[in-house]
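Working notes for the structure below.
None of the figures in this text is laboratory data; all of them are computed from the coordinates on show. Small disclaimer: the values here were computed from a predicted structure and weren't measured. Ideal geometry is used to build each Cβ from the backbone, glycine not excepted, and the neighbour counts take in all protein chains shown.
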C-alpha cells in the first residue's frame, strides 16, 4: 500500500528522483495528479509552494491527471532550454523558458481539469467558504478575483479554489480544489502586503502574462479539501482603479447567462450542466460588484452578506 505524506517531508533528492521517474502523485481535492519533469525550477517551486500537500512516491491506483513537464523537442532539452506542459492530449501551449516551469506546471493542471474533467461542471471562478456556505466569484482575468479571494481568506474564509468552481452534477455542491492562488503584476505586492513574504512564491518574471507569483494554500485549507459545501452567494467582481463602490443584483437568468461562457465543459455536458447551474442558483443571490480598492470590495461583501469583516 502506498503511503501519503506531506511533500515537504521528503528530501530534495527523493523529490527529484520521483519527478524524473514520473512517480510523484499529488492528492488534492477530488483529483490525483501524477507529475513528472526534470527541472530545478519545478523542483524548487514544488518544494516551497506545495510543501504542505499530500503526495505519495508511486502511482496511485486511480489517476485523474497525467502531467509531464518536458522540452518541446530534443534540441530545447539542452540549448536555450524550454519547457511545455503535456497533459496527455494536444493543447495550444507555447513553449516557455525553463525558469518558467512553475507557470507551465500550473497551466498544465488547469488545462487537465478544464478539458478532461466531466465529473463536475467546471466554472472559471474563485471560491471561498465559511461555516455558512461558499462565495463563488466569477470574473475575467484582471478583474480582481484573485485579490478578493486572498483578502477573504484573511477574514474567516477557507480556500476552495482560485481557478475553478467545481459543481456536482447530482447535487449542486461545490467541491474544494485549493491550489495556490495565482497573482499577476501589481496584485503580487498587494497580496504580499496582506499576508507576508513567507506565503508568496518567488516571482516568475517576463512571462506571456507578465510577472507571476503564487500565494501558498494554508494547511487548514488543505485539511478540508474533501469537504464540499453549498453556495451562499455568487459574485461577478470588477475592479476599476478609482471606481466608486457599487453593487447590482442579477436575476437567476442573468447569472446563468454569465456562468455558461465561464464554464469549460458546459457544452460537452449539456442538460446535466444546465440543471447543476440552476440548482446552484436556486437559493442564493447573485451580484455584480464594482470597486476601486480591496477595502471597498470587502465592504461590499460585508454589506451583501451582513457579516462583519472590517
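Once the Cα atoms are used to define both axes, helix 40-49 deviates from the longest principal axis of the chain by about 40 degrees.
Beta-bridge orientation, the stretch 5-116: approximately 75 percent antiparallel, per DSSP, counting only bridges with both partners inside. Between the stretch 249-283 and the stretch 113-188, what is the separation of their alpha carbon centroids in Å? Computed from Cα coordinates, the inter-centre distance equals 16 Å. Taking the chain as the reference, fit the longest principal axis to its C-alpha atoms, fit the long axis of helix 186-195 to the helix C-alpha atoms, and give the angle between the two in degrees, 0 to 90, nearest 10. That works out to roughly 80 degrees. From least to most packed, judged by other beta carbons within 10 angstrom and beginning with the fewest, 200, 256, 83 follow the order 256, 200, 83. Length gained on full extension, residue 14 to residue 285: 92.7 nm, using 0.36 nm per residue less the C-alpha separation. Counting only DSSP beta bridges with both residues in the chain, the antiparallel share comes to about 75 percent.
At 222 nm, what helix-only mean residue ellipticity would the chain give, in deg cm²/dmol to the nearest 500, using -39500 (n - 2.57) for each DSSP H run of four or more? Intermediate values should be presented prior to the final figure.
On the way: 10 runs with 97 residues, N = 310.
Result for the chain, helices only: -9000 deg cm²/dmol.
Taking 0.36 nm per residue of separation and subtracting the current Cα-Cα distance, fully stretching the chain between residue 211 and residue 91 would add 40.9 nm.
Between the beta carbons of residue 80 and residue 193, assuming R0 = 35 Å, the FRET efficiency works out to 0.45 to the nearest 0.05. Each peptide in 245-252, 60-67 was scored by the mean count of other Cβ atoms within 10 Å over its residues; highest first, the order is 60-67, 245-252. Model label points for residue 303 and residue 40, set 7 angstrom from Cα along the Cα-to-Cβ axis, are 5.2 nm apart. On the beta carbon distance between residue 247 and residue 274, with R0 = 22 Å, the FRET formula returns roughly 0.25. Taking Cα atoms only, the orientation of helix 12-21 departs from the longest principal axis of the chain by about 90 degrees.
At 0.36 nm per residue, and after removing the present C-alpha to C-alpha distance, how many nm does the segment from residue 23 to residue 61 gain when stretched out fully? Walk me through the numbers on the way to the answer.
Numbers: separation 38, 0.36 × 38 = 13.68 nm, distance 1.21 nm.
Length gained between residue 23 and residue 61: 12.5 nm.
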